[in-house]
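> Could you have a look at this structure, given as C-alpha cells, before my questions?
The values are calculated or read from the model by the stated rules, or taken from the named source; none is laboratory data. Everything quoted here is computed from the prediction, not taken from an experiment. Neighbour counts are summed over all protein chains in view; Cβ atoms, including those assigned to glycine, are modelled from backbone coordinates with ideal geometry.
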Amino acid sequence: MTAMGATEIRGAAPSPERAAFAAEGASQYLTFLLGGEQYAVAIMFVKEIIEYGRVASVPMMPAWIRGVINLRGAVVPVMDLAARFGRPVSTVTRRTCIVVVEIATDGERRDVGVVVDAVSAVQDIAARDIEPPPAMGGMIQSDFIRGMGKVEGRFVIILDAARVLSDEEFATSGKEATNEDVP
C-alpha cells in the first residue's frame, strides 16, 4: 500500500512477460488472509485496496454488513467476509484492509468493500493449477468457491466474487440479524 493508504490495482500496463504468461492460460488473482486461511479473487474484479477506516453503521442490515464508506463521493457497502462465511466477526488490526470489488448485477456495475485480515500479493495462477471446488461441506458454502488454486505448494481458495457479493444474497441472508453487534 502507499503512504496515502490506497492502492490502485488496475491501470498499470502488464509487462511483456505477464502478457505472455496470460496468453498461456494464466490469470491474476489478489490473494489475502482471512482467519488464517488464504483466499483469492480474480484481479479483474478488484478496483482498489484501502486501509480500514471509518465505516458508518447502517441499521437493519445483516450482521455481515459492517456498514458503508464514502469512496470519493460514492457510498460503498462494506461486507465482513469472515462473518459472511459464518465465522466470528473480523478483528480490526493494523493490517486489516478493505478490498473494493466491482461486480455486475442486473447489467449494472457497483462497488462493494470487503474486509480482509491482510492482503498478501497478486499471484499468477495458471488454469492448469486450479482444481474444481470441493463437493463436500466445509467452512464456507461451496457455491462461493470458483476453485482451489495451487500456489507454492499450498491451496488458495479462489472465490466467485459475483456469488459472494450478489444482490440476491444481500436480500435473502440474515435479514433478522443487525449489525449492532459489529464494532
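> Here are some conditions: (1) modelled with pLDDT under 90; (2) in a loop (DSSP other than H, G, I, E, B); (3) in contact with a strand residue (DSSP E or B) (Cβ under 7 Å, 6 or more places away or on another chain); (4) not aromatic (Phe, Trp, Tyr). Residue 95 meets all but one. Which one does it not meet?
Status for residue 95: all satisfied but (1).
> Something else about it: How many of the residues making up the range 98-126 are more than 14 Å from residue 36 (Cα to Cα), touching a Leu at 6+ places or on another chain (Cβ under 7 Å) and not in a strand (DSSP E or B)?
Number of matching residues: 0.
> Hey, could you check the range 26-60 for residues that are among the aliphatic types (A, V, I, L, M) and in contact with a helix residue (DSSP H, G or I) (Cβ under 6 Å, 6 or more places away or on another chain) and say which is surrounded by the most Cβ atoms within 10 Å (Cβ to Cβ)? It would help to see each step written out before you state the result.
First, the residues of the range 26-60 that are among the aliphatic types (A, V, I, L, M): 26, 30, 33-34, 40-44, 46, 49-50, 55-56, 58, 60.
So of that shortlist, the ones also in contact with a helix residue (DSSP H, G or I) (Cβ under 6 Å, 6 or more places away or on another chain) come out as 30, 34, 41.
On the way: 30: 22, 34: 22, 41: 24.
Only one residue fits best here, namely 41.
> Okay, next question. Of these, 104, 13, 83, which one is over 17 Å from the mean Cα position of the chain (by Cα) and either at pLDDT below 95 or more than 15 Å from residue 121 (Cα to Cα) (or both)? It would help to see each step written out before you state the result.
Numbers: 104 fails: over 17 Å from the mean Cα position of the chain (by Cα); 83 fails: over 17 Å from the mean Cα position of the chain (by Cα).
It is 13.
> Taking the range 43-66, which residues are under 22 Å from residue 160 (Cα atoms) and either out of contact with any Leu (no Cβ under 7 Å at 6 or more places or on another chain) or without any contact (Cβ under 8 Å) to a residue 24 or more places away in the chain (or both)?
Residues of the range 43-66 under 22 Å from residue 160 (Cα atoms): 43-50, 62-66.
44, 45, 47, 48, 49, 50, 62, 63, 64, 65, 66 - these are the residues of the range 43-66 that are under 22 Å from residue 160 (Cα atoms) and either out of contact with any Leu (no Cβ under 7 Å at 6 or more places or on another chain) or without any contact (Cβ under 8 Å) to a residue 24 or more places away in the chain (or both).
> Restricting to the range 68-92, give me the number of residues that are surrounded by 20 or more Cβ atoms within 10 Å (Cβ to Cβ) and farther than 24 Å from residue 31 by Cβ.
The number of residues fulfilling the criteria is 0.
> So residue 63 fits all but one of (1) closer than 25 Å to residue 120 by Cβ; (2) surrounded by fewer than 19 Cβ atoms within 10 Å (Cβ to Cβ); (3) touching a helix residue (DSSP H, G or I) at 6+ places or on another chain (Cβ under 6 Å); what number is the exception?
It fails just one condition, (1).
> Do we have residue 89 as at pLDDT below 95, within 26 Å of residue 71 (Cα to Cα) and not acidic (Asp, Glu) here?
Details: at pLDDT below 95: yes; within 26 Å of residue 71 (Cα to Cα): yes; not acidic (Asp, Glu): yes.
Considered against the rule, which asks whether it is at pLDDT below 95, within 26 Å of residue 71 (Cα to Cα) and not acidic (Asp, Glu), residue 89 comes out as yes.
> Given the condition modelled with pLDDT under 90, part of a strand (DSSP E or B) and not aromatic (Phe, Trp, Tyr), answer yes or no: does some residue in the range 26-37 qualify? Steps first, please.
Just the residues of the range 26-37 that are modelled with pLDDT under 90, to begin with: 26-27, 35-36.
The next check asks that each one be part of a strand (DSSP E or B); those that pass are 26-27.
Filter once more, keeping what is not aromatic (Phe, Trp, Tyr): 26-27.
Yes, the range 26-37 contains a residue that is modelled with pLDDT under 90, part of a strand (DSSP E or B) and not aromatic (Phe, Trp, Tyr).
> Name every residue in the range 146-180 that is among the hydrophobic types (A, V, I, L, M, F, W, C) and either at pLDDT below 85 or outside any strand (DSSP E or B) (or both), in order of residue number. Break it down into steps so the answer makes sense when it comes.
Filtering the range 146-180 for residues among the hydrophobic types (A, V, I, L, M, F, W, C) gives 148, 151, 155-159, 161-162, 164-165, 170-171, 177.
Correct list: 161, 162, 164, 165, 170, 171, 177.
> Just to be sure before I move on: is residue 27 among the hydroxyl-bearing types (Ser, Thr, Tyr) and more than 17 Å from residue 122 (Cα to Cα) in the structure I sent? Before the answer, list the steps.
Values: among the hydroxyl-bearing types (Ser, Thr, Tyr): yes; more than 17 Å from residue 122 (Cα to Cα): no.
Criteria not met by residue 27.
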